[in-house]
Amino acid sequence: MPRTAVKPKIAIVGPGSLGNAFALSLREAGYRVTEVVSRGGEASRRRAQALARKIGATATTFNRPRLTADVVWLCVPDGKIAPCARSLASAEWEGKVALHSSGALTSDELNALRRKGAAVASLHPLMTFVRQVRPMLAGVPFAIEGDVAAIRAGRRIVRDLGGEVFVIEKRYKPAYHAWGAFTSPLLVAILVVAEEVAELAGIDRNLARRRMLPIVRQTIANYARQGPAGAFSGPIVRGDAATLKKHMQALSGNPEAKEVYLALARSAIKNLPARNQRLLKQALG
C-alpha cells in the first residue's frame with residue numbers, strides 16, 4: 001500500500017452482483033477501479049465489459065490479466081477463490097494487497113498470493129447482493145481477518161465506503177457466516193414457508209406475498225427500534241396454548257412447514273417472553 005493520502009488503485013476480479021456493487025461504490029467513494037477481471041466465457045466477458053464501461057476501467061480475463069492495481073479484490077464464489085488465486089499468482093504481487101469477500105472462508109484461501117509477496121485478507125460485508133439490486137454500503141458492517149497490512153488497507157477502504165469494520169478470528173468464520181445466513185437467505189426461506197401456509201388458508205402465494213409485506217416491514221422496524229422482546233407478539237407471548245394447538249392441526253397439511261413452525265416456536269418459548277410455558281410446550285407436542 002502506498003504511504004500517501006492518494007487512494008490506492010483497485011482491480012475487481014469477478015463481475016457478478018458483488019463485484020458490480022463494490023466497483024460502483026468504490027468509484028463513488030473516489031477510488032479508481034482500473035480493471036475488471038473475468039473468466040473467458042462470452043457471458044462473463046460481456047458482464048466485465050459492461051461494468052468496465054460504467055467505471056472507466058479495462059476488462060481483462062484470467063488468462064491475460066494486467067493486475068497493475070495496488071489492491072486486487074476477488075469477488076468470486078467461495079469454491080473459486082483458491083483456484084482463482086492460483087491462476088493469478090504468475091503476476092507481480094510483491095507489495096500488493098489481495099482481498100476476498102467470503103464470509104465462511106479465511107484469508108488462507110489466498111495463500112498462493114501470500115507466498116508471492118501479497119498481504120491478504122478476507123473482507124466480508126454483512127449484506128445481501130442479488131441481481132438488479134445494488135445495496136448502499138454506508139453503515140454496513142464488514143468482518144475482516146488476515147495480514148496486518150491487508151487489514152489496514154481494508155479498514156481504509158471500508159471507512160471510505162461509509163461502512164464499519166470489525167475483526168473476526170479465523171476459527172469463527174463458519175459461525176459468523178451461519179449468523180449471516182439467518183439474517184437474509186434463511187429469512188427469505190421462512191417467508192417462502194409463510195407463502196405455503198397461506199395456501200393452506202386458500203390464499204394464492206403471489207397475493208400472500210403482497211399481503212405479508214406490511215406486517216413484515218413493521219416487524220423489522222419494531223425489532224430495530226425496540227429489540228426482540230419488544231417486537232415479539234402473538235399467541236406465544238400471550239401463553240395461548242389453545243391457538244398453538246389449532247396451528248398444529250392446520251399445519252398437518254404441510255409437514256415441512258409444521259417442522260419449521262415447531263423449531264421456531266420452541267426457540268421463541270426459550271428465548272422470548274412467553275406465558276404458560278409448560279402448556280405451550282405441551283401444545284407443541
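No lab work stands behind these numbers, since they all come straight from the coordinates. Predicted model only: the values in this text are computed from it and were never measured. Every residue, glycine among them, receives a Cβ derived from its backbone with ideal geometry; neighbour counts consider all protein chains shown.
Roughly what % of DSSP beta bridges within the chain run antiparallel, to the nearest 5?
Details: 6 of 30 bridges.
In the chain, approximately 20 percent of DSSP beta bridges are antiparallel ones.
Can you quote the Å³ per residue value for the convex hull of the Cα atoms in the range 212-285, rounded to an integer? Don't skip to the answer; put the middle values down first.
Values: hull volume 6.7 nm³, N = 74.
Normalising the Cα hull of the range 212-285 by residue number yields 90 Å³.
Please give the FRET efficiency for M136 paired with R171, using the beta carbon to beta carbon distance and R0 = 30 Å, rounded to the nearest 0.05.
Once rounded, the FRET efficiency stands at 0.45.
Tell me whether the range 58-110 comes out rounded, prolate or oblate; compute the Cα gyration tensor, take square roots of the eigenvalues as a ≥ b ≥ c, and use a/c under 1.5 as the rounded threshold.
Here the range 58-110 falls in the prolate category.
Along the charge dipole of the chain, which of A11, C75, L113 sits closest to the positive end, that is, farthest toward it, with unit charges on the beta carbon of Lys, Arg, Asp and Glu (+1, +1, -1, -1)?
A11
Counting only Cα atoms, I'd like the Rg/Rh figure for the range 83-136, Kirkwood definition for Rh.
Using Cα coordinates only, the ratio equals 1.07.
Using only Cα atoms, what Kirkwood radius does the range 10-171 have, in angstroms?
15.3
For the range 163-226, state which GluC sites (Glu not before Pro) are in a DSSP loop and have at most 13 other beta carbons lying within 10 Å of their beta carbon.
Sparse-neighbourhood loop GluC sites (Glu not before Pro): E169.
Dipole size in debye (nearest 20) for the chain around its Cα centre, Lys and Arg Cβ +1, Asp and Glu Cβ -1?
Numbers: 43 positive and 21 negative charges, 71 e Å.
That gives a dipole near 340 debye.
For the range 137-285, rounded, prolate or oblate, judged on the Cα gyration tensor with a ≥ b ≥ c (square roots of eigenvalues), a/c < 1.5 rounded, else prolate if a/b > b/c?
In terms of gyration-tensor shape, prolate.
Once you have the Kirkwood Rh of the chain from its Cα pairs, apply Stokes-Einstein at 20 °C and 1.002 mPa s and quote D in µm²/s.
Rounded, D is 100 µm²/s.
How many nm separate the modelled label positions at L186 and L262, each set 7 Å beyond the Cα in the direction of the Cβ?
It is 1.8 nm.
Is it possible to state the helix-based mean residue ellipticity at 222 nm for the chain, with each DSSP H run of 4+ residues giving -39500 (n - 2.57), the sum divided by total residues, to the nearest 500 deg cm²/dmol? What is it? List each step's numbers first, then the result.
Numbers: 12 runs with 148 residues, N = 285.
It lands at -16000 deg cm²/dmol.
Show me the trypsin sites (Lys or Arg not before Pro) within the range 115-152 that DSSP assigns to loop and that have at most 12 other Cβ atoms within 10 Å of their Cβ.
Answer in residue order: R115, R131.
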